[in-house]
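The structure appears right after this line, and notes come after that.
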Amino acid sequence: MNKTENRPIFWHDEVFTDAIKETAEALKKAEDAILLSIDERQIDLNGKDITCAVLLRMKAYIETQNKIKAILGRRYISPAADFFTETVTHFLKLSLKILLKDQLRVCSEVKLGKERNSLRPDVSVWKGEELVAVIECKTQNGWNRDDWLVDIEKREKVIKESHKNAEFFLVVLSSANWGGFPENDTRVGVNFNVFLKNGESLLRFTSDNTDAIQHPLEGVINKIVSLHNISL
């Protein structure tokens, strides 16, 4: 590059700003490709393909953030929590659209009531105005390793008070940095789910290593589909 060029700094940064703009376009292209190529016969709710897609997208995010951290000399990467919620929302939305067409509506961070302090679950699934399910998403439970269960159960109780028939789910990306779910809790693997087994690394995950998956997102989707069919 000729350093004598009289170009402002933002002109040289266009390559990065353009790449940021293209993220939403790429997401829409991926969504369109999935909806065009996949039908309900290819959605195996006893399999792990959807969970694999979630993990590979999260892996790409973490790898990219690690590179940005190195460039900027940061100590930590940008939090992955919001991206994880977006990713779960997106694949849940696509799966239910393929399986049930437009019979259910998937939302993210939508208030459950008109009150100012109404809860905004990470993900909510609706049939008309009826709340079918709530999914709270955590990258790991180390954020509150001692009291996470108390907080989650308190949140579920508040939701059930106004939407008694809604099913409550917790999905956690990784078993790292916390003690895991309580032993012998019947909710584990049904309402409480962790994607990666203890000791498994997201950065080492590949599509050939689905044995690393503990509780697939497919189980949550299957339960939501069953709830919908029961209410028909």
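Rounded to the nearest 5, what is the percent of antiparallel bridges among the DSSP beta bridges in the chain? It would help to have the intermediate numbers written out before the result.
Values: 10 of 20 bridges.
Beta bridges within the chain, antiparallel portion: roughly 50 percent.
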Checklist outcome for this item: antiparallel share of DSSP beta bridges within region 105-187, to nearest 5, in %, is 60 percent
Checklist outcome for this item: Most exposed first, judged by fewest Cβ atoms within 10 angstrom, 168, 83, 16 run 16, 83, 168
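Which value, in debye to the nearest 20, describes the size of the charge dipole of the chain about its Cα centre when Lys and Arg Cβ atoms bear +1, Asp and Glu Cβ atoms bear -1, and nothing else is charged? Each step should come with its number before you reach the end.
Working: 33 positive and 35 negative charges, 86 e Å.
That gives a dipole near 420 debye.
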Checklist outcome for this item: With the chain reduced to its Cα atoms and the Debye formula applied, log10 I(q)/I(0) at q = 0.13, 0.16 1/Å amounts to -0.86, -1.24
Item to check | Cα centroid of region 178-196 to Cα centroid of region 67-136, whole Å | outcome: 20 Å
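Please arrange 139, 23 by counting, for each residue, the other beta carbons lying within 10 Å of its beta carbon, fewest first. Numbers along the way, then the final one.
Numbers: 139 21, 23 9.
Fewest-to-most Cβ neighbours within 10 Å comes out as 23, 139.
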Checklist entry - Which of the residue pairs 28/223; 48/164; 48/97; 127/160; 28/111; 111/164 have a Cα-Cα distance greater than 20 Å in the structure shown? => result 28/223; 48/164; 28/111
Checklist entry - If R0 is 35 Å, what FRET efficiency do you get for residue 198 and residue 76 from their C-beta distance, rounded to 0.05? => result 0.90
Checklist outcome for this item: Exposure proxy check on 111, 28: fewest-to-most Cβ neighbours within 10 Å is 28, 111
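What is the local net charge at residue 100, summed over the other residues whose Cβ is closer than 12 Å to its Cβ (Lys, Arg +1; Asp, Glu -1)?
Net local charge, residue 100 excluded: +3.
Values in this text are rule-based calculations from the coordinates and carry no lab data. Computed from a predicted model, the values in this text were never measured in an experiment. Counting neighbours? That spans all protein chains shown, and the Cβs are built from the backbone with ideal geometry, glycine included.
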